[in-house]
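*Asks:* Structure in structure tokens, see below.
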Amino acid sequence: MLSETIKTLRKQAGMSQEQLAGRLNVSRQAVTKWETAAGTPDVENLRAISALFQISLDDLLENRSPIPPEQEFRFHSVTEYDIDSIKDFDITFSGANGVVMTGYEGEKLQVLLGSDRIANLDSAFKVKIDDIKKRIDVDVRRFAGMTESNAKESLHILIRLPQQYVGKIELSGNTQNLELQNVRAENAEFSGKVSRTLLNGFSGRLELNSNTDMEITCHDLNGPLDVNQVSATSRLTLPQGLPFCTVTRGILNSIHYQQDGETAKDFSLRGEDAGHCDNVIELNGIKSELIINASSHKIP
């Protein structure tokens, strides 16, 4: 329900009803009505909520929170750290089933660990945060005999970055699923192993360095995307009609095209149009293939 989504977003941002009301220039009673389903925000307030929490109107109205609340996991832990200036974030983890990174309008770095199977979450993992001048180092470490295999099966990592203080992002580790949602960064780089990557509302240059076959899904594209691989075949799905151009570098690399899964001719921008396009998809590395699939259907 929309009421539960608004309540969840407010709590995740660490806001009281009074604070949310102040940010939206409405009464606290209005917020109470929204959260109890006694009333519904009008269009202007829906847009304001969407902008405040960096969530699309579609996701807001479809009741999909940009990050699952920790209550959705049977076991969870939260680590927070106050940020007061622009920082580069260097985040490492040694294995997880899924990693979700999102930006939000707040002043705390939040790292949430969740699992339905790992009961000793607090002793099995520790989140170490070091504030070094203009950089924040985050290290999710395994302890108590926890194996990477178990972590990749049962651990979920949810990272919330205070958007106003985000500079560059480096993320490294091994995971089945990586999601970047509503994050703006000058440059973001992932290094490690990942099977599925989802981009939804990410803005900036993104580098994916992984030698595994990847399924990359883009709800949108707002900047360059570099795919760096060795002897791998990956597939990138994006909405039909989204403008982009391509660059192939490295040794024996190739880019191919599909429309709704069927082989198609090159539909990337060329010539002068490509020169004015910010969405540059670049394949680099050795002996790798990238299939770019344009989907006419709604991307899940």
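*Asks:* Pairs needed: first member in region 27-49, of a type in the set (A, V, I, L, M, F, W, C) and outside any helix (DSSP H, G or I); second member anywhere, surrounded by 14 or more Cβ atoms within 10 Å (Cβ to Cβ) and modelled with pLDDT of 85 or more; C-beta distance under 7 Å; at least 6 residues apart or different chains.
*Replies:* Going by the 7 Å Cβ cut-off, there are no qualifying pairs.
*Asks:* While we're on this one: Testing Ile286 on (1) surrounded by fewer than 17 Cβ atoms within 10 Å (Cβ to Cβ); (2) touching a residue at least 40 places away in the same chain (Cβ under 8 Å); (3) under 24 Å from Phe202 (Cβ atoms), one condition comes back false. Which one is that?
*Replies:* All conditions are met except number (3).
*Asks:* Could you check Phe244 against (1) of a type in the set (A, V, I, L, M, F, W, C); (2) touching a Ser or Thr at 6+ places or on another chain (Cβ under 8 Å); (3) more than 25 Å from Val183 (Cβ to Cβ) and say which number it fails?
*Replies:* Answer for Phe244: the failing condition is (3).
*Asks:* Yes or no: Thr197 in the same structural domain as His276 (by TED's automatic domain parsing), surrounded by fewer than 20 Cβ atoms within 10 Å (Cβ to Cβ) and either hydroxyl-bearing (Ser, Thr, Tyr) or touching a residue at least 60 places away in the same chain (Cβ under 8 Å) (or both)?
*Replies:* So Thr197 fails the test.
*Asks:* When you scan region 218-269, how many residues do you find that are crowded, with 17+ Cβ neighbours inside 10 Å and acidic (Asp, Glu)?
*Replies:* Summing the residues that are crowded, with 17+ Cβ neighbours inside 10 Å and acidic (Asp, Glu) in region 218-269 gives 1.
*Asks:* Report yes if some residue within region 200-220 is out of contact with any strand residue (DSSP E or B) (no Cβ under 6 Å at 6 or more places or on another chain) and outside the structural domain of Leu57 (by TED's automatic domain parsing); otherwise report no.
*Replies:* Checked region 200-220: at least one residue is out of contact with any strand residue (DSSP E or B) (no Cβ under 6 Å at 6 or more places or on another chain) and outside the structural domain of Leu57 (by TED's automatic domain parsing).
*Asks:* So which residues in region 77-102 are among the hydrophobic types (A, V, I, L, M, F, W, C) and not in a strand (DSSP E or B), if there are any at all?
*Replies:* Ile83, Ile86
*Asks:* Where in region 199-296 are the strands (runs of 3 or more DSSP E), entirely inside, with at least 2 residues that are under 23 Å from the mean Cα position of the chain (by Cα) and hydrophobic (A, V, I, L, M, F, W, C)?
*Replies:* Because the criterion is at least 2 residues that are under 23 Å from the mean Cα position of the chain (by Cα) and hydrophobic (A, V, I, L, M, F, W, C), the strands (runs of 3 or more DSSP E) in region 199-296 that meet it are 203-209, 215-218, 225-230, 233-239, 280-286, 289-295.
*Asks:* Output the residue which, of all residues in region 38-93 that are under 17 Å from the mean Cα position of the chain (by Cα) and hydroxyl-bearing (Ser, Thr, Tyr), is modelled with the lowest pLDDT.
*Replies:* Looking at the filtered set, the residue picked out is Ser65.
*Asks:* Name the pairs whose Cβ atoms lie under 9 Å apart, with the first residue in region 169-191 and within 24 Å of Glu148 (Cβ to Cβ) and in contact (Cβ under 8 Å) with a residue 60 or more places away in the chain, the second surrounded by 17 or more Cβ atoms within 10 Å (Cβ to Cβ) and hydroxyl-bearing (Ser, Thr, Tyr), and 6 or more positions between them or separate chains?
*Replies:* Short answer, once both residue conditions are applied: Gly173/Ser94; Asn174/Ser94; Asn177/Thr197; Leu178/Thr197; Glu179/Thr102; Glu179/Thr197; Leu180/Thr102; Leu180/Thr197.
*Asks:* Just give me the residues in region 200-217 being surrounded by fewer than 20 Cβ atoms within 10 Å (Cβ to Cβ), small (Gly, Ala, Ser) and free of Cβ contacts under 8 Å to residues at least 60 places away in the same chain, in sequence order.
*Replies:* Of everything in region 200-217, those that are surrounded by fewer than 20 Cβ atoms within 10 Å (Cβ to Cβ), small (Gly, Ala, Ser) and free of Cβ contacts under 8 Å to residues at least 60 places away in the same chain turn out to be Ser203, Gly204.
Here is a yes/no grid of residues against (1) of a type in the set (A, V, I, L, M, F, W, C); (2) over 23 Å from Glu72 (Cα atoms):
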{"site": "Phe93", "(1), (2)": "yes, no"}
{"site": "Val100", "(1), (2)": "yes, no"}
{"site": "Arg117", "(1), (2)": "no, no"}
{"site": "Asp130", "(1), (2)": "no, yes"}
{"site": "Asp137", "(1), (2)": "no, yes"}
{"site": "Ser154", "(1), (2)": "no, no"}
{"site": "Leu158", "(1), (2)": "yes, no"}
{"site": "Gln163", "(1), (2)": "no, yes"}
{"site": "Ala188", "(1), (2)": "yes, yes"}
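The values are calculated or read from the model by the stated rules, or taken from the named source; none is laboratory data. Only a predicted model underlies this, so the values are computations on that prediction, with no experimental measurement involved. Quick reminder, even Gly has a Cβ in these numbers, built from the backbone with ideal geometry, and neighbours come from all protein chains shown.
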